[in-house]
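Participant: Sharing a structure below in structure tokens format, with a few things to ask.
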Amino acid sequence: MRSYPRIAIIGAGPGGLTLARILHQGGVPITVFEREEHALARPQGGTLDLHVESGQLALRCAGLYEEFLTIARYEDQGSRLYDKDGTLLFADDDADDSDRPEVDRTALRQTLLASLPSEIIRWNHALREVRPRDDGRYDLVFESETVGPFDLVVGADGSWSKVRPLVSSYRPQYSGITFIEFGIDDVDTSHPDLAALVGRGKIGIEAAARGLIVQRNGNAHLRGYAIFRVPTDWADKTFDFASPAKARERLAAEFEGWAPTIVALIEASNDHIVPRPIYALPVGHHWQNRIGITLLGDAAHVMSPFGGEGVNAAMLDAAELARRLLENDDWKSAVRAYEADMFERVIEPAEHAAEAVATELSHLGAELSLQHYKAHLDARLQGSAA
């Protein structure tokens with residue numbers, strides 16, 4: 001009988017869970033460690049568009065494509081562009097036949113979790129340290145216990161990965177752009193005028209050194225992002241996030257002079273108002289292979305959200321790592337091959353994301369012609385802002 005390495009996956013996001021699902025299907029023993037107390041301990045973020053060649057491919061590899069179709073929202077792929085006076089500049093409302101359907105991040109995660117035995121996930125395990133052993137294996141140090149040894153530790157723990165320092169000294173750098181996230185509940189019933197403004201998809205508005213993206217999520221929810229070109233500490237110095245009412249009022253004041261119909265999107269928001277500074281690792285980030293440690297998703301190549309590549313890249317990483325581990329009797333060479341391929345594969349999307357940030361920085365505050373305004377925002381809305 002084939003012997004597999006003992007594998008620990010750090011992080012129960014889409015990437016980590018996709019890896020867990022495919023390996024579990026292949027009979028590989030794995031354990032996933034997640035810092036959250038349970039699956040619904042915190043909001044999981046907004047809507048995602050899963051690409052055929054990456055996110056959807058990974059779900060096919062995981063045997064979950066049919067389940068995905070039950071939560072995919074093909075009808076919510078439209079996009080609209082407005083100016084700050086509320087004038088509609090461009091609309092693509094007939095996008096049902098596009099191949100990048102929207103799916104709520106929470107629904108995607110629940111689908112992946114439901115495909116795994118509950119005992120595989122160890123909740124309430126915030127990693128403090130990965131401790132190497134003399135025999136080349138690793139122990140995982142958590143606040144309440146130390147678990148191990150593991151032959152292979154996979155860091156799927158996001159931008160501020162605790163696993164990454166074992167192979168790379170790089171830390172994500174601030175892009176110069178900060179989002180302020182807000183949301184509107186039960187919009188179709190409580191605010192039908194705002195529901196009609198956004199339509200079946202997402203809208204973008206940009207003028208006077210600030211912008212707005214608002215996207216339709218499932219369950220009649222709108223999720224918005226106010227976008228600013230500011231220093232990294234600007235949001236915490238400007239907003240009292242401990243008081244949602246004050247934060248909401250201050251955020252609306254940032255858009256003084258914009259059409260009341262646009263500002264109403266902020267005024268109608270719920271109490272979940274949080275800052276999202278945008279960070280990224282350098283294009284081409286890579287590391288020397290270290291036996292027993294590897295990374296996927298944002299832990300390996302966090303890039304800006306413009307273009308919507310993040311979750312797709314993470315899930316494809318997971319599918320490729322799983323495939324190589326299942327096909328190769330030598331798991332160490334399988335990991336090396338995965339890393340070499342991944343380093344090359346993510347260069348192009350990382351370059352596009354970096355270019356999008358540069359464009360965003362140059363356009364925030366610039367007075368654009370209608371043609372450039374439309375082209376810029378239409379390109380930006382091809383991805384998800386979450």
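The values are calculated or read from the model by the stated rules, or taken from the named source; none is laboratory data. If you're wondering where the values come from, they're calculated on a predicted model, not measured in any experiment. When we count neighbours, we look across all protein chains shown, and the Cβ atoms used for this are built from the backbone with ideal geometry, even at glycine. Ligands, DNA and RNA are stripped out before the accessible areas are found, and what is left, the full protein with its side chains, is counted by its heavy atoms. Shrake-Rupley method; radii C 1.70, N 1.55, O 1.52, S 1.80 Å.
Participant: When the expected Rg is taken as 2.2 N^0.38 Å, what fraction or multiple of it is the alpha-carbon Rg of the chain?
Facilitator: Values: Rg = 21.3 Å, N = 386, 2.2 N^0.38 = 21.2 Å.
Normalised by 2.2 N^0.38 Å, the Cα Rg of the chain equals 1.01.
Participant: Which residue, chosen from Ser79, Trp123, Thr106, occupies the Cα position most advanced towards the positive end of the dipole of the range 79-139, where the dipole is computed from +1 (Lys, Arg) and -1 (Asp, Glu) charges on Cβ about the Cα centre?
Facilitator: Going by the charge dipole, the pick is Trp123.
Participant: Using only the alpha-carbon atoms, what does the range 64-196 span along each of its principal axes? Please give whole angstrom values in decreasing order.
Facilitator: 65, 39, 29
Participant: Between Asn270 and Lys332, how high is the FRET efficiency from 1/(1 + (r/R0)^6) when r is the Cβ-Cβ distance and R₀ = 51 Å? Nearest 0.05.
Facilitator: 0.55
Participant: Report D for the range 1-85 in µm² per second (integer): Stokes-Einstein, Kirkwood Rh on Cα pairs, 20 °C, 1.002 mPa s. All intermediate terms of the calculation are to be shown ahead of the outcome.
Facilitator: Details: Rh = 15.6 Å.
It diffuses with D of about 137 µm²/s by this estimate.
Participant: Would you look at the GNM of the chain, springs on alpha carbons closer than 10 Å, and say which of Ala12, Ala20, Ala242 moves the most?
Facilitator: Ala242
Participant: So if I place +1 on the C-beta of Lys and Arg and -1 on the C-beta of Asp and Glu, and nothing else carries charge, what would the dipole magnitude of the chain be about its Cα centre? I want it in debye, nearest 20. The partial results should precede the final answer.
Facilitator: Values: 39 positive and 58 negative charges, 228 e Å.
I would put it at about 1100 debye.
Participant: Quick check: Cα centre of the range 49-85 to Cα centre of the range 96-166, how many Å?
Facilitator: Spelled out, the Cα-based centre of one part sits 24 Å from the other.
Participant: Still on this structure: Could you sort out which of Lys84/Lys246; Lys162/Lys246; Lys84/Lys202 sit more than 26 Å apart by Cα distance in this structure?
Facilitator: Numbers: Lys84/Lys246 23 Å; Lys162/Lys246 34 Å; Lys84/Lys202 16 Å.
Lys162/Lys246, as the Cα separations exceed 26 Å there.
Participant: Just the number, please: carbon plus sulfur as a percent of the accessible area of the chain, 1.4 Å probe, no ligands or DNA/RNA counted.
Facilitator: Working: 7990 of 16520 Å².
Heavy-atom surface of the chain belonging to carbon and sulfur, 1.4 Å probe: 48 percent.
Participant: Let me ask something additional. In sequence order, what are the phi-derived ³J(HN,Hα) couplings for the range 134-145 according to the Karplus relation 6.51 cos²θ - 1.76 cosθ + 1.60 with θ = phi - 60°, rounded to whole Hz, with x for glycine and proline?
Facilitator: Each residue's phi maps through the Karplus curve to give 5, 8, x, 8, 9, 9, 10, 9, 10, 4, 9, 6 Hz.
Participant: If you don't mind, there's one more thing I want to ask. Skip the ligands, DNA and RNA, and give the accessible area per residue of the chain with a 1.4 Å probe, whole Å².
Facilitator: Working: 16520 Å² over 386 residues.
For the chain, the per-residue accessible area is 43 Å².
Participant: Continuing with the same structure: Trypsin sites (Lys or Arg not before Pro), restricted to the range 115-197: which are DSSP loop and have at most 15 other Cβ atoms within 10 Å? Could the numbers behind the result be given before it?
Facilitator: Details: sites: Arg122, Arg128, Arg133, Arg137, Lys162; in loops: Arg133, Arg137, Lys162.
Answer by residue number: Arg133.
Participant: Order the following by accessible area, largest value first: Leu361, Leu17. Probe radius 1.4 Å; ligands, DNA and RNA are ignored. Intermediate results must be reported in sequence, preceding the final value.
Facilitator: Working: Leu361 35, Leu17 0 Å².
The ordering from most to least exposed comes out as Leu361, Leu17.
Participant: Over all Cα pairs of the range 245-288, how is the pair count split among 5 Å bins, expressed in % and running from 0 up to the last occupied bin?
Facilitator: Bins of 5 Å from zero give 5, 17, 22, 14, 10, 6, 7, 9, 6, 3, 1 percent of pairs.
Participant: At a threshold of 8 angstrom on Cα-Cα distance, excluding pairs fewer than six apart, so keeping six or more, what relative contact order does the chain reach in percent?
Facilitator: 22
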